[in-house]
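The values are calculated or read from the model by the stated rules, or taken from the named source; none is laboratory data. Being a predicted model, the structure only gives us computed values, none of them experimental. Every residue, glycine as well, gets a Cβ built from its backbone with ideal geometry; the counts of neighbours run over all protein chains shown.
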Amino acid sequence: MLSKNVLYYGTDEPPPERISLRAGALSLQYEQGDLWYVKLGDRELWRRVYVAIRDQDWGTVPPVFSNVQIHRKLESFAIHYQVENRQNEIHFAWKGLITGDADGTITFSMDGVARSTFMRSRIGFCLLHPLTCAGAPCRIEHIDGTVERAVLPEYIVQEQPVRPFAEMSALAHEAMPGMWAKARFAGDVFEMEDQRNWTDASYKTYCTPAHLPHPVLIMEGTRVQQSVTLRVEDGKSESRPRVRRENAPLALKLDLTSAKPLPWLGLGMASHGQPLSDKEITRLKALRLHHLRVDLVLADRGWRTALERATAEAFALGFVLEAALLVPEKGEPELEQFRAVLDQIKPPIGTWLVYPSREREEGGSPTAQVVALARHFLANYNPAARFGSGTNADLLFLLRNPPPVEQLDLICIAANPQVHASDNVSLVETPQAQPIALASARRLAGGLPLAVSPITFKPRFNPYALGPEPVAPAGELPPQVDVRQMSLLGAAWTAASISFLGASGAHSITYYETTGWRGVMETRTGSPAPKRFPSLPGAVFPLYHVLADVGEFAGGEIIPAHSEDPLRVTSLAIRKNNNLRIILANMTGSSQRVALPHTGPTARVKMLDEFNAEAAMLSPETWRAQPGAPLRAQAAIRELALPPFAIARIDTDD
């Protein structure tokens, strides 16, 4: 039997404690060394303030905290702690001090020393501004004393730093008319990057300019001291934002007049190499999805075996293939051989996604060259198959290397939510950034359809690494595996992603893999590391049921659904013929109440939560065959209570 925490997060380890604090009129939260969600009333001013130690490949060195002391008063606080960041040759120790005064001033300082000699890409503070700051007027104080005005960009920009947000000593943005939220920095030079390039839901101001050489050798004994000070200036009482009643249900609104075609959904082929069993094929067919993605590295010898397995699985599932080809710059021999094999294997290709073997962050990727080669060799295999390209990595690569739209039928981007942060809260934020990534890609697409392929919880590879990918130690999870794949949180995140991308006009989306710890169900043999990934052999994961709920409406429409607070409850609405389905996902570890719109005289609700999730995982056919319970209206409003990380499916009529 799985524990409650495993059902919630995939692990028995509870999340860090989060503590609510006040600094005068400002409210905020503290969690394991970081400040989160600094607000004035309901208006979020800053999303997060934290210290990051990044190794030579931009990996984050995890912190270990000790001697944490928290002193709270009604409108002020002081927090002291000690930290050690140790990994491989890296050993950095520092002290943190965070104070909040009754006048609304928050100061966060760090004082650290290198206890070994190591290579680093960054050491120091990062400050995140939320998505709601897009388009906000800003005042930038540069290190030379000049003051410059600008606005935070609405579309994602690839330049780093974002101009003119460079060489900063202070940055203020107008949160409301006449009210400015100001951050002042000390101890280093700060600049901003558009972190939405990696589907983070924020703009990031960080220390140490990116144009300086990196990685840099830090000698043992080197001292690092920095601070960030936050305060509100020129705030007028009449412009202060409202404070929402804590016990009020969240309102849900549907925009029934702005429906879009429901995206085609697909899965990636399992990376573990095992063939699908008959039972797995039956369960995957029940999802009623559209395609299966197979990745083929034409410079490697194993591509033929992968193509043969993908062809067999696609025919068994009734899917078309989305073939992602990684093509060398001078790939004529490889493509000629590949074309000959196609006539022997006869795969059901629906889409070609063509990428260079390695995309370049700078200097231009040879995308147009390899797309032209692929078209030359492959266009006559299935003339109905579409050719797509864009980026197989992060959106940044697409923005820096615009796609050859004249050679393409669609534009493709990939996404994962954990390039910079892996905690539950940051993960929950990221679906809101996905439609911004889609809108920014659309500006380069020349009117072509947009595909998002693949979406995975963890990065599949590190496109910025200077060396080979690290090998996971025995008993540890590979860097591509996330325990939340098997959790209710993973299912809630999937529902949120489909909602935001679908309502933003995505043409197709490819999620995860078929089976295994990166898939939608566990293999019949179970987890290779059951102590770290405690899944049930042969069971489906909760996100399987989200995909099944959406798959039943394939060929229908997605309706923009607006939750009053999508960081707490996300909504997904789909319609086919006269049938309307609303999927609500509790994104938090506490119960939430939702006020539903009146969409018809009858409604039935089916809940996937901690009380029935294990049964739904072990016997999905039985669970899915059970009807929902009638949802009764209270007065003129239907209200629904969602347990922690619960997924509610509401079926009604228009």
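Computed values, structure above
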| quantity | calculated |
| --- | --- |
| Of residues in the range 574-587 being under 10 Å from ARG649 (Cα atoms) and within 24 Å of the chain's Cα centre (by Cα), the one surrounded by the most Cβ atoms within 10 Å (Cβ to Cβ) | ALA585 |
| Test: residue in the range 86-107 that is in contact with a Pro (Cβ under 9 Å, 6 or more places away or on another chain), under 30 Å from TRP517 (Cβ atoms), of a type in the set (S, T, N, Q) and modelled with pLDDT of 95 or more | no |
| Qualifying residue in the range 175-192 (condition: outside any strand (DSSP E or B) and closer than 30 Å to THR456 by Cβ) | no |
| Helices (runs of 4 or more DSSP H) contained in the range 517-630 and holding at least 1 residues farther than 24 Å from PRO454 by Cα | 613-618, 620-625 |
| Condition met for ALA641 (touching a Lys or Arg at 6+ places or on another chain (Cβ under 6 Å), small (Gly, Ala, Ser), surrounded by fewer than 17 Cβ atoms within 10 Å (Cβ to Cβ) and assigned to a strand (DSSP E or B)) | yes |
| Unmet requirement for THR305, which otherwise passes all of (1) under 22 Å from LEU353 (Cα atoms); (2) surrounded by 15 or more Cβ atoms within 10 Å (Cβ to Cβ) | (2) |
| Exclusive hit being of a type in the set (Phe, Trp, Tyr) and under 16 Å from VAL232 (Cα atoms), set PHE108, PHE118, PHE125 | PHE108 |
| Enumeration of residues in the range 119-155 that are among the small types (Gly, Ala, Ser), farther than 30 Å from LEU444 by Cα and either outside the structural domain of GLY221 (by TED's automatic domain parsing) or under 27 Å from the mean Cα position of the chain (by Cα) (or both) | SER121, GLY124 |
| Pairs with Cβ under 9 Å, 6+ apart, first in the range 6-25 and in contact (Cβ under 8 Å) with a residue 24 or more places away in the chain and buried (at least 21 other Cβ atoms within 10 Å of the Cβ), second of a type in the set (Phe, Trp, Tyr) and part of a strand (DSSP E or B) | LEU21/TYR30; LEU21/PHE77; ALA23/PHE77 |
| Boolean, GLN82 is surrounded by fewer than 18 Cβ atoms within 10 Å (Cβ to Cβ), touching a Phe, Trp or Tyr at 6+ places or on another chain (Cβ under 8 Å) and not acidic (Asp, Glu) | yes |
| Test: residue in the range 86-103 that is β-branched (Val, Ile, Thr) and surrounded by 18 or more Cβ atoms within 10 Å (Cβ to Cβ) | yes |
| Residue list for the range 133-176, filter: at pLDDT 95 or above, among the charged types (D, E, K, R) and out of contact with any His (no Cβ under 9 Å at 6 or more places or on another chain) | GLU141, ASP144, ARG149, GLU154, GLU174 |
| Complete set of residues in the range 465-485 that are in a loop (DSSP other than H, G, I, E, B) and within 18 Å of the chain's Cα centre (by Cα) | PRO479, GLN480, VAL481, ASP482 |
| Residue match in the range 42-58 (condition: modelled with pLDDT of 95 or more and surrounded by fewer than 17 Cβ atoms within 10 Å (Cβ to Cβ)) | no |
| Subset of the range 26-57 (residues that are under 22 Å from ILE218 (Cβ atoms) and out of contact with any strand residue (DSSP E or B) (no Cβ under 8 Å at 6 or more places or on another chain)) | ASP57 |
| Matching residues in the range 261-286 - criterion: being surrounded by 15 or more Cβ atoms within 10 Å (Cβ to Cβ) and charged (D, E, K, R) | GLU280, ARG283 |
| Strands (runs of 3 or more DSSP E) completely within the range 320-430 that count 1 or more residues being under 18 Å from LEU444 (Cα atoms), modelled with pLDDT of 95 or more and more than 24 Å from the chain's Cα centre (by Cα) | 386-390 |
| Residue among GLN344, GLN369, GLN407 that alone is assigned by TED's automatic domain parsing to the domain that holds ALA310, touching a helix residue (DSSP H, G or I) at 6+ places or on another chain (Cβ under 9 Å), surrounded by fewer than 19 Cβ atoms within 10 Å (Cβ to Cβ) and of a type in the set (S, T, N, Q) | GLN407 |
| Residue in the range 42-53 that is touching a residue at least 60 places away in the same chain (Cβ under 8 Å), in contact with a Ser or Thr (Cβ under 7 Å, 6 or more places away or on another chain), among the hydroxyl-bearing types (Ser, Thr, Tyr) and not in a loop (DSSP other than H, G, I, E, B) present | no |
| Test: GLY145 is of a type outside the set (Ser, Thr, Tyr) and either more than 25 Å from VAL216 (Cβ to Cβ) or in a loop (DSSP other than H, G, I, E, B) (or both) | yes |
| Subset of the range 302-340 [among the basic types (Lys, Arg) and out of contact with any Phe, Trp or Tyr (no Cβ under 9 Å at 6 or more places or on another chain)] | ARG309, LYS330 |
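Residue-by-condition table, conditions (1) out of contact with any Cys (no Cβ under 9 Å at 6 or more places or on another chain); (2) not small (Gly, Ala, Ser):
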| site | (1), (2) |
| --- | --- |
| VAL371 | yes, yes |
| ALA384 | yes, no |
| PHE387 | yes, yes |
| ASN392 | no, yes |
| LEU410 | yes, yes |
| ALA421 | yes, no |
| ALA437 | yes, no |
| ARG442 | yes, yes |
| PRO449 | yes, yes |
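Per-residue answers, yes or no, for (1) among the β-branched types (Val, Ile, Thr); (2) part of a strand (DSSP E or B); (3) surrounded by 15 or more Cβ atoms within 10 Å (Cβ to Cβ):
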residue: PHE65; (1), (2), (3): no, yes, no
residue: HIS71; (1), (2), (3): no, yes, no
residue: LEU128; (1), (2), (3): no, yes, yes
residue: VAL157; (1), (2), (3): yes, no, yes
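Listed here are the residues, each with its yes/no results for (1) without any contact (Cβ under 8 Å) to a residue 60 or more places away in the chain; (2) acidic (Asp, Glu); (3) more than 20 Å from MET617 (Cβ to Cβ).
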site	(1), (2), (3)
ASP549	no, yes, no
GLY555	no, no, yes
PRO566	no, no, yes
THR570	no, no, yes
ALA585	no, no, no
PRO601	yes, no, yes
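Rundown of residues vs (1) farther than 28 Å from PRO463 by Cα; (2) at pLDDT 95 or above, yes/no style:
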{"residue": "VAL6", "(1), (2)": "yes, yes"}
{"residue": "GLU13", "(1), (2)": "yes, no"}
{"residue": "GLU17", "(1), (2)": "yes, no"}
{"residue": "GLY24", "(1), (2)": "yes, yes"}
{"residue": "GLY33", "(1), (2)": "yes, yes"}
{"residue": "TRP36", "(1), (2)": "yes, yes"}
{"residue": "PRO62", "(1), (2)": "no, no"}
{"residue": "PHE65", "(1), (2)": "yes, yes"}
{"residue": "VAL68", "(1), (2)": "yes, yes"}
